[in-house]
Amino acid sequence: MEPTTTQRRTYLLVDGENIDATLGMSVLGHRPAPEERPRWERVTNYAQALWDQPITALFFLNASSGQMPMGFVQALLALGYHPIPLSGSSSEKVVDIGIQRMLEAISTNGGDVLLASHDGDFLPQVEQLLEGDHRVGLLAFREFANARFTELVEDGLTIHDLEDDLGAFNAPLPRVRIIPIGAFDPMRYL
């Protein structure tokens, strides 16, 4: 009998609250309208192509109010995401706790990780993953990611900009950031 080989897998973990809050408060200056939010199918396509392996896309949601945005949940399901609606007390950061537990489980059981968040609460788990045989990437707006993530690049963390690298938005965002000269496109400003 031939030994079976398990194909390596990428776990895409989305901190939806963090991405939405950063987009709204730090980039747009207002609550994002649906057309201003990331195109989540582009995120999964990028995740699958990045390391050319199957992905499991997990979208963490805070459902502590007892309600879920069912239209959004249905859209996520249609795009191949597994919504993870978590609940807890008002003092618990349920999405962060859920993602932390997931990162710890991946560290023990294997797999690569793309984490969509700017939140430094995941640094210990990301560091643990980087110490093992895991590829780890951060999907974020570079200028708003916790500064410690940048320090982990030398340990193997890759940082992928949601707008510039993934092309996750339908229109250019009003961001002011440092642009490497090789990436400067004057057409964007015409």
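Beyond 15 Å, what share of the Cα-Cα pairs of region 73-152 remains, rounded to the nearest whole percent? Here the long-distance tail beyond 15 Å is 62 percent of all Cα pairs in region 73-152.
Of the chymotrypsin sites (Phe, Trp or Tyr not before Pro) found in region 1-86, none is in coil by DSSP with at most 15 other Cβ atoms within 10 Å of its Cβ.
For region 69-190, the per residue solvent-accessible surface stands at 54 Å², with DNA, RNA and ligands left out and a 1.4 Å probe. Model label points for Ile179 and Val73, set 7 angstrom from Cα along the Cα-to-Cβ axis, are 4.2 nm apart. Rolling a 1.4 Å probe over the protein chains gives Thr44 an accessible area of about 10 Å².
Scanning residues 5 or more positions from Phe169 or on other chains, those with amide H under 5 Å from its amide H are Arg39, with H placed 1.01 Å from N in the peptide plane.
Counting protein heavy atoms only, region 91-175 has 46 percent of its accessible area on carbon and sulfur, 1.4 angstrom probe. Listed options for percent of Cα pairs over 27 Å apart are [x] 19; [y] 32; [z] 29. The value calculated from this structure is the one marked [z].
The values are calculated or read from the model by the stated rules, or taken from the named source; none is laboratory data. Just so we're clear, the structure is a prediction, and the values are computed from it rather than from any experiment. No Cβ is skipped: glycine too gets one built from the backbone with ideal geometry, and neighbour counts run over all protein chains shown. Surface accessibility is based on the protein's heavy atoms, side chains included, excluding ligands, DNA and RNA. Shrake-Rupley method; radii C 1.70, N 1.55, O 1.52, S 1.80 Å.
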